[in-house]
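**Student:** Encoded as structure tokens, here's the structure I'll be asking about.
The values are calculated or read from the model by the stated rules, or taken from the named source; none is laboratory data. The structure presented is a predicted model; accordingly, all values stated were derived computationally and were not measured. Note: ideal-geometry Cβ built from the backbone for every residue, glycine included; neighbour counts use all protein chains shown.
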Amino acid sequence: MGQQASSTKRGIFSAVVTGNKCIRQLFYRLRLEFSEAAAEVFAEAKPGQFVQLDLAGAALPPPKAIPEDLVDSSHRGILLRRPFSFCDVTAKDNKTSVEILYCVVGPASLRMTTLSSGNSISVIGPLGNGFSVPDGKKAALLVAGGMGAGPLIYLAKVLNSQFADIEVIAFAGAKTAEELPFEGRLDEISQQLGFSLAEFVRYGVKSRVATDDGSAGFQGLVTDCLSKWLGRTRLSAKDMIIYSCGPEAMLARMAKIAREKNIDCQISMERMMACGFGVCQSCAVECRATDSNETAYKLCCKDGPVFDTREVVFSL
């Protein structure tokens, strides 16, 4: 992954659904398969990039399967495509499979749950700029808040396969154990037995869990869990880099920690994206201008979604 970690090609493609697994209540992993020219394009997709899915034609689930808080909004028309990052990309035998981690939060993601093997879906991508790996780093710290785990799981895979000399440690946080978007048991007993998140273990990555209520792992914010770890490590700041994705309030705290510790930090940000490639101008992120006290706006879909924390102006 270079400094401009983006694919050189993008387009509108048709993908075939090959899996749509419920991994935990309201959390799913959707697997899409591309062939021919699309397979070549998506084989180059980088961690942190994303796609825009057309869900207008997806059906609603049966009424009894619709969460109570979505009953009123579930029948709304889906006019705009929805952005999703990759949690995995695998190229094999002239086919490329991508996986998307998603949570049912609205009428569009609710319809995603009805996609089944053999269905076709229109996809625009790969879009945006992903994470990059500067030279000379010895440790990469992946800090995920809730659904921010998706692109960091894929990043763990790439770091494991392409940067074997870099030690990788993952920190995953949520309000409760039930809101952690991972498979497996996440209770106190499992933590005491040295339980690790399987999604990271398969890439040789150690992991730590934090929950606000203490129902799994460290009790408190994942950024506090990271801070405690940083207070114990003997690694120097210049040898480390932090990669983070999650709610903006968490990313703001992440930026503060990185600034105070003088650690390089890249974050994947989220905005409402109507188009995904810079036409609608709906996903502005306020950034500091280089060598100036002034600020300018960049587009999350085109200039991001990955940004260096030193350039982002947080208004929280």
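**Student:** For residues in segment 242-251 being surrounded by fewer than 23 Cβ atoms within 10 Å (Cβ to Cβ) and in contact with a strand residue (DSSP E or B) (Cβ under 8 Å, 6 or more places away or on another chain), which is farthest from residue 180 (Cα to Cα)?
**Tutor:** That would be 250.
**Student:** Take the conditions assigned to a loop (DSSP other than H, G, I, E, B) and under 18 Å from residue 181 (Cα atoms) and apply them to residue 77. Does it pass?
**Tutor:** no
**Student:** Six or more apart or on different chains, Cβ atoms under 8 Å: show the pairs whose first residue is in segment 264-279 and free of Cβ contacts under 8 Å to residues at least 12 places away in the same chain and whose second is crowded, with 17+ Cβ neighbours inside 10 Å.
**Tutor:** Pairs found: 272/283.
**Student:** For segment 10-39, which positions are surrounded by fewer than 20 Cβ atoms within 10 Å (Cβ to Cβ), farther than 25 Å from residue 149 by Cα and out of contact with any Lys or Arg (no Cβ under 8 Å at 6 or more places or on another chain)?
**Tutor:** Across segment 10-39, the qualifying residues are 11, 12, 14, 36, 37.
**Student:** Let me ask another. Tell me which residues, restricted to segment 104-118, are buried (at least 17 other Cβ atoms within 10 Å of the Cβ) and touching a helix residue (DSSP H, G or I) at 6+ places or on another chain (Cβ under 8 Å). I'd like the intermediate steps shown before the answer.
**Tutor:** Initially, segment 104-118 is screened for residues buried (at least 17 other Cβ atoms within 10 Å of the Cβ), giving 104, 107-113, 115.
Answer for segment 104-118, where residues must be buried (at least 17 other Cβ atoms within 10 Å of the Cβ) and touching a helix residue (DSSP H, G or I) at 6+ places or on another chain (Cβ under 8 Å): 104, 107, 110, 113.
**Student:** For segment 195-215, name all the residues that are surrounded by 15 or more Cβ atoms within 10 Å (Cβ to Cβ) and touching a residue at least 40 places away in the same chain (Cβ under 8 Å).
**Tutor:** 199, 200, 203, 205, listed by residue number.
**Student:** Just to be sure I understand, how many residues within segment 13-68 are assigned to a strand (DSSP E or B), over 23 Å from residue 274 (Cβ atoms) and either out of contact with any strand residue (DSSP E or B) (no Cβ under 7 Å at 6 or more places or on another chain) or in contact (Cβ under 8 Å) with a residue 40 or more places away in the chain (or both)?
**Tutor:** 15
**Student:** Only one residue in 273, 254 is buried (at least 17 other Cβ atoms within 10 Å of the Cβ), at pLDDT below 90 and within 16 Å of the chain's Cα centre (by Cα). Which one?
**Tutor:** Numbers: 254 fails: at pLDDT below 90.
Criteria check complete, one pass: 273.
**Student:** Going by what's in this entry, would residue 237 be described as touching a residue at least 40 places away in the same chain (Cβ under 8 Å), exposed (fewer than 15 other Cβ atoms within 10 Å of the Cβ) and not acidic (Asp, Glu)?
**Tutor:** So residue 237 fails the test.
**Student:** Across segment 254-270, what is the total count of residues that are in contact with a Pro (Cβ under 8 Å, 6 or more places away or on another chain) and either over 18 Å from residue 229 (Cβ atoms) or part of a loop (DSSP other than H, G, I, E, B) (or both)?
**Tutor:** Total satisfying the criteria: 3.
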